[in-house]
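Worksheet: the structure to be examined is printed underneath.
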Amino acid sequence: MRRFLASALLFLLLINSGAALAANNEYHFTVKSGDSLSKYFSRLGLSNRLLANLLSDSPKNQQLNQLNIGEKITIQLHNNRRFKSLSYRPHSKKSIEILLIGTRFVSAANHSEKNLKPLSIVTVVINNSFGHDAQKAGLGLSVVNTVVGALSWRLDFNSDLHKGDRFFIITDGSKKPIGIIYKGNNKRIEAFLHTDKNGKSRYYDRYGYTLNSSFLRAPLKYKRISSKFQLKRYHPILKTYRPHRAVDYAADRGTPVVSTADGIVKLKGWKGALGKAVMIQHGVNYTTVYAHLSKYARSLRKGGSVKKGQIIGYVGSTGRSTGAHLHYELRFKGERQNPLSYKLPKQKKITRSELWRFREQVNRILASL
């Protein structure tokens, strides 16, 4: 009854304001003396914030602040009463057609669904392992590797997956999936493919950021570098020359040590001469090692996720060590690299000029699920 009364009241208000109703949620207004777009939005239950965003989105949209008597405006809503589009036909200027795609206002002249490829979705339900279940669902090995590479910064495929978890692989006929969504009991990860103006394709989250994080150059506040990365170093305990494929940072015992990037803890425990150590996997290719620790952070656990800058332990001198310091390794595909000079990956963001096109595709993919 309340919903009926509200609808009836809205109908009377619209009639009194000079609006004509169409069957497909279109509301047609002819501007009269004293009318404004704010008045029309209010009649339709649309917010002032939405109106402000529309007017400020483009200089062209600002002419909607000055309506002239007799001009025509059509506002279309979705079935849930949310704003869909606006059409403005002024007396002496070119018409304006505006669509709301996600959170972005787009000119209808720049938006066309004619050439969009049809989407298909493959659902992978975990019963055994991702590789096994994905191929059983019909995915090729190259797609399996693409999915693992795209999500591995956020998901440990060996320890995070549980029976019943689902992967949604969305394709449009291209070689790579244009959307990858993982749904677990307590975790959801999304990756959407975007090709930039230079032809480089990457996976991004729904906000336009790559799933990998940038790296910190150093994992702690240190006093000095006591030993650099070198292929021949005199070992103070063994009294012989040996390679030192790491960087030693001298610091006071108990100094906090942080993860240099987002990742997943692969080792937390004693590791021979390195003493108390932590090993963190960052995506498919990168690993960092933190050694000679005095103790670990309380929340740290093997298989758990860590964020860049999160404390993982504290400087010590455990294992084969002559004093308090941190032994830090950076590995790429298993090979130790010089942390002081190696060119580390950085998190990237889609440019503002391309972001609307990306968000339009994201909304289309999410709507298909």
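Annotations
- Only protein heavy atoms count here; under a 1.4 Å probe, residue 72 has an accessible surface of about 90 Å².
- For the chain, the residue among 85, 292, 358 whose Cα projects farthest onto the positive side of the dipole built from Cβ charges is 292.
- Each of (1) 57, 24, 19; (2) 32, 26, 19; (3) 37, 24, 17 is a candidate for semi-axes √(5λ) of the Cα gyration tensor in Å; the one calculated from this structure is (1).
- Excluding ligands, DNA and RNA, the accessible surface per residue across the range 257-319 is 38 Å² with a 1.4 Å probe.
- The accessible surface of the chain, taken with every protein chain in place and a 1.4 Å probe, is 48 percent carbon and sulfur.
- In terms of accessible area, using a 1.4 Å probe and ignoring ligands and nucleic acids, 32, 266 rank largest first as 32, 266.
- Heavy-atom accessible area, probed at 1.4 angstrom with all protein chains present, ranks 356, 270 as 270, 356, highest first.
- ³J(HN,Hα) computed for each position of the range 210-220 - Karplus, 6.51 cos²θ - 1.76 cosθ + 1.60, integer Hz, glycine/proline x: 5, 6, 7, 9, 6, 9, 6, 6, 9, x, 6
- The accessible-area ordering, largest first, of the residues 194, 132 stands as 132, 194, per a 1.4 angstrom probe.
- Between 327, 207, 170, the Cα set farthest toward the positive side of the dipole of the chain (charges on each charged residue's Cβ, about the Cα centre) is that of 327.
- Taking each DSSP H run with n ≥ 4 as -39500 (n - 2.57) and averaging over every residue of the chain yields -5500 deg cm²/dmol at 222 nm.
- Degrees separating the helix 141-151 axis from the principal Cα axis of the chain, which is the longest one: 90
- Packing, as the average of other Cβ atoms within 10 Å across residues, places the peptides 208-219, 49-60 in the order 208-219, 49-60, highest first.
- Result for the chain in a Gaussian network model with C-alpha springs under 10 Å: among 328, 204, 88, the largest mean-square fluctuation is at 88.
- For residue 28, net neighbour charge (Lys/Arg +1, Asp/Glu -1) across residues whose Cβ lies under 12 Å away: 0
- Summed over the residues of the range 36-154 and divided among them, the accessible surface reaches 58 Å² per residue at a probe radius of 1.4 Å.
- Ranking 191, 367, 303 by how far each Cα lies toward the positive end of the dipole of the chain (charges on Cβ) leaves 303 at the top.
- Net charge contributed by nearby residues that have their C-beta within less than 11 Å of residue 277 (K/R +1, D/E -1): +3
- Given charges at beta-carbon only (K, R positive; D, E negative), |dipole| of the chain in Debye: 1400
- Those residues of the range 134-150 whose amide nitrogen sits under 19 Å from the label point placed on residue 332, 7 Å along Cα→Cβ: 149-150
- Charge tally in the Cβ shell below 15 Å around residue 253, where Lys, Arg are +1 and Asp, Glu are -1, residue 253 excluded: +2
The values are calculated or read from the model by the stated rules, or taken from the named source; none is laboratory data. The model shown is predicted, which means the values in this text are computed figures rather than measured ones. Don't worry about glycine lacking a Cβ; one is built from the backbone with ideal geometry, like all the others, and counts go over all protein chains shown. We work out accessible area using only protein heavy atoms, side chains counted, and drop any ligands, DNA or RNA first. Shrake-Rupley method; radii C 1.70, N 1.55, O 1.52, S 1.80 Å.
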